[in-house]
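The values are calculated or read from the model by the stated rules, or taken from the named source; none is laboratory data. Computed from a prediction, not measured in an experiment: that's the story for all the values here. Quick reminder, even Gly has a Cβ in these numbers, built from the backbone with ideal geometry, and neighbours come from all protein chains shown.
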Amino acid sequence: MVLLEARGNRVMFLNDVVDSLELKDTKIIKDRAENIGKMAEYRENFHIVLSRAVAPLAVLCEYCLPLCKVKGAMIAFKGSSYCQELSSNNKVIEKLGGLLESVNMIKIPYSNHVRYIIVIRKISSTPENYPRKNGIPQKRPLYFE
């Protein structure tokens, strides 16, 4: 398992968790998805790429799909805006080599909150020019007509 986190304090926390749980074969990388998505060692190297709800779907796809193997899956944790995000980002998903596979609703225990697990299957290689440089995906999310 490989964990990716850009912030040093979170990396320290993740190291503590990995040590406390005695997780074997777990690597923590302190870097940004935009950087490792360009590195041959990581690009299209993972069967499953899982993200928390850190950005709009177009941005998550640009971060995650370059890391995912063809036939692998990207799994995104999203809130109630997922439906609007999916309808406006279908072309982005396709351009980056993905295809929407499923949307699964989950209820958060001990709360009234509902979240959605979006599964995007990687069906073709992501074009080499993605992900774009640091900060660009967040500042100028992809959009295709």
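General observations
- Of all residues in region 122-145, those that are assigned to a helix (DSSP H, G or I) have Cβ atoms under 7 Å from Cβ atoms of residues that are not polar (S, T, N, Q), 6 or more apart or on another chain, in P137/E34; P137/V59; P137/E62; P137/Y63; P137/P131; Q138/A55; Q138/V59.
- If you check V119, V70, V54 for being closer than 26 Å to K27 by Cα, aliphatic (A, V, I, L, M) and modelled with pLDDT under 95, only one passes: V54.
- Any hit, region 7-27, residues being in a strand (DSSP E or B) and buried (at least 17 other Cβ atoms within 10 Å of the Cβ): no
- Filter pass, L100 being at pLDDT 95 or above and within 13 Å of the chain's Cα centre (by Cα): no
- Among the residues of region 52-65, not a single one is touching a Cys at 6+ places or on another chain (Cβ under 6 Å), surrounded by 20 or more Cβ atoms within 10 Å (Cβ to Cβ) and without any contact (Cβ under 8 Å) to a residue 40 or more places away in the chain.
- The listed residues are K38, K27, and the only one of them that is under 16 Å from the mean Cα position of the chain (by Cα), over 24 Å from I117 (Cα atoms) and charged (D, E, K, R) turns out to be K38.
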